[in-house]
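These notes are about the structure you will find just below.
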Amino acid sequence: MNRDGKTRAIEDLKLEVIPRKAHGISRKGISENALKVLYRLHKAGYEAYLVGGGVRDLLLDREPKDFDIATNATPDEVRKLFRNCRLIGRRFRLAHILFGRDVIEVATFRGHHGKSEPDKKDKQTARSEDGMLLRDNVYGTIDEDAQRRDFTINGLYYNIADFSIRDYALGLDDLNNRIVRLIGDPETRYREDPVRMLRAVRFAVKLDMTINDATAAPMVELAPLLQDIPAARMFEESLKLLQAGQGLATYQMLREYNLFQQLFPAVAAHFTEAQTSQTEQMLEQVLRSTDKRVANEQRINPAFLFAAMLWYPLVTRAEEMAFESGLSYYDAFMVAASDIVDEQVKTVAIPRRFTAMVREVWQLQMRMTRRTGARAFKTLEEKKFRAAFDLLEMRGAVEGDDTEALCAWWRDFQRADQGGRQKMVRAINKVSNTRSPKSRRRKGPPRRRKPQSNSDA
């Protein structure tokens with residue numbers, strides 16, 4: 001935390017215009033498609049500003065991930081200007097200008113909410129009982145829009161008309177001092193949109209900043225509000241948090257503020273004060289590995305992350321179920337896998353294409369223990385074998401001993417030629433036969449026994 005615990009009160013916002021010569025943003029850093037949209041809006045007589053993360057990142061000499069635009073043109077007016085435009089969103093009406101796979105998002109300046117009579121239906125804005133904004137299509141001026149922005153560092157507007165920056169909340173100050181600070185009363189802003197708590201953490205970690213005291217103070221208490229956010233939105237947020245290259249540090253800060261616990265309750269049930277449970281060790285391993293892959297520009301798959309995170313909650317549930325119900329461990333494992341996935345998608349709606357892979361990777365953990373006969377060869381041919389082996393390696397680092405030995409066997413099996421693999425399997429068969437010799441079995445169904453007569457009894 002930084003020593004400055006103050007907030008930027010909405011009523012105290014004052015505009016500061018920073019001329020082109022006093023800031024470092026150049027049009028060379030702005031995408032060609034974003035410039036096209038800015039210039040066309042400006043030429044048509046509308047105000048047009050690059051806003052939010054694009055301005056922030058350019059000022060930090062970082063390459064922006066996307067370029068968002070704010071304007072006084074309504075969504076319908078934007079659509080009339082651009083044939084390649086589509087309108088999206090019900091909660092927030094936005095215009096997306098499509099340039100192939102590149103999407104430039106255009107938002108109309110947001111205004112203040114009027115106080116509607118209780119018996120009148122307001123079609124433009126709606127709130128839940130907790131103060132969460134359910135619909136927010138009230139349009140206003142750039143001054144009002146600045147007051148509606150979440151963080152000071154995201155409340156900077158680059159004006160295409162004169163290339164100046166409009167700063168309403170001393171955002172440039174906070175940017176230079178590396179502070180994440182909410183605009184307005186933190187509790188009110190979090191209740192409007194609880195996802196702002198996740199964004200505060202994400203920006204702090206991503207930009208190597210600190211969250212100011214007043215902004216951080218309500219988080220732990222208000223964290224349960226995230227349970228009211230649609231699970232589909234939480235899936236998208238979880239990817240931004242954990243797969244952007246700073247997943248381990250983000251997880252640690254999310255946990256500090258009771259936020260991770262809301263997204264992954266099955267995982268949080270295994271948290272310990274010493275942070276040494278198998279679940280916590282696995283979390284650290286998979287997030288560190290994901291960060292490394294992002295840094296090396298390697299492909300990452302969300303399914304593997306979820307499979308690893310939920311592995312020990314699954315194992316614990318399967319063991320409990322087998323003990324309490326009398327099911328075989330394999331049957332209990334399959335039932336527990338379904339239960340864990342079903343529970344998780346209630347808070348983070350992992351798409352079916354990913355949950356299918358999660359289940360495959362889990363099932364292969366069971367199959368990889370069975371290597372006799374042709375089983376090892378068939379397992380090696382499975383499409384998800386590589387992902388399953390990666391999880392086995394992480395398990396080996398957590399569990400040691402038998403799991404490490406199993407992992408080493410599969411590592412050698414992959415590297416061996418066909419003859420070497422057959423030799424390895426023969427050795428496994430020999431050990432298996434020594435431990436539990438097979439009894440002779442008759443082929444076909446069991447022979448029915450002739451019932452005994454009373455005289456034979």
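Do we have A356 as of a type in the set (A, V, I, L, M), closer than 25 Å to A408 by Cβ, loosely packed, with under 15 Cβ neighbours inside 10 Å and out of contact with any Pro (no Cβ under 9 Å at 6 or more places or on another chain) here? Considered against the rule, which asks whether it is of a type in the set (A, V, I, L, M), closer than 25 Å to A408 by Cβ, loosely packed, with under 15 Cβ neighbours inside 10 Å and out of contact with any Pro (no Cβ under 9 Å at 6 or more places or on another chain), A356 comes out as no.
Residue by residue, here is whether (1) open to solvent by 70 Å² or more (accessible area, probe 1.4 Å); (2) touching a Gly at 6+ places or on another chain (Cβ under 6 Å); (3) more than 19 Å from R255 (Cα to Cα) holds:
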{"position": "T290", "(1), (2), (3)": "no, yes, no"}
{"position": "F304", "(1), (2), (3)": "no, no, yes"}
{"position": "A318", "(1), (2), (3)": "no, no, yes"}
{"position": "Y330", "(1), (2), (3)": "yes, no, yes"}
{"position": "D342", "(1), (2), (3)": "yes, no, yes"}
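Of all residues in the range 30-53, those that are small (G, A, S), closer than 20 Å to G155 by Cβ and at pLDDT 95 or above total 2.
Kindly evaluate R233 against the criterion of being basic (K, R) and buried (at least 18 other Cβ atoms within 10 Å of the Cβ). Taking the combined requirement at face value, the residue does not satisfy it. With respect to the conditions (1) part of a helix (DSSP H, G or I); (2) surrounded by fewer than 12 Cβ atoms within 10 Å (Cβ to Cβ), K14 falls short on a single one, namely (1). Note on the range 166-202: among residues that are among the β-branched types (V, I, T) and open to solvent by 10 Å² or more (accessible area, probe 1.4 Å), the one that is farthest from A48 (Cα to Cα) is T188.
Note on the range 236-266: residues that are assigned to a helix (DSSP H, G or I) and either closer than 16 Å to M282 by Cα or open to solvent by 10 Å² or more (accessible area, probe 1.4 Å) (or both) amount to 19. Filtered by the rule that a residue be over 22 Å from T403 (Cβ atoms) and outside any helix (DSSP H, G or I), the range 272-294 gives a lone residue, E273.
In summary, K378 fulfils each of the numbered conditions (1) open to solvent by 70 Å² or more (accessible area, probe 1.4 Å); (2) closer than 30 Å to R233 by Cβ with the single exception of condition (2). Among the residues making up the range 19-77, those that are in contact with a Ser or Thr (Cβ under 9 Å, 6 or more places away or on another chain) and surrounded by fewer than 16 Cβ atoms within 10 Å (Cβ to Cβ) are P19, R20, A22, D66, E77.
Flag set for F323, criterion: among the aromatic types (F, W, Y) and open to solvent by 10 Å² or more (accessible area, probe 1.4 Å). Within the range 155-165, the presence of a residue that is assigned to a helix (DSSP H, G or I) and open to solvent by 50 Å² or more (accessible area, probe 1.4 Å) is excluded. Being in a loop (DSSP other than H, G, I, E, B) and not charged (D, E, K, R) is true of A169.
The values are calculated or read from the model by the stated rules, or taken from the named source; none is laboratory data. Here the structure is a predicted model, which is why all the values come from computation and not from measurement. Every residue, glycine among them, receives a Cβ derived from its backbone with ideal geometry; neighbour counts consider all protein chains shown. Quick note on the areas: whole protein, heavy atoms, side chains included, nothing else; ligands and nucleic acids left out. Shrake-Rupley method; radii C 1.70, N 1.55, O 1.52, S 1.80 Å.
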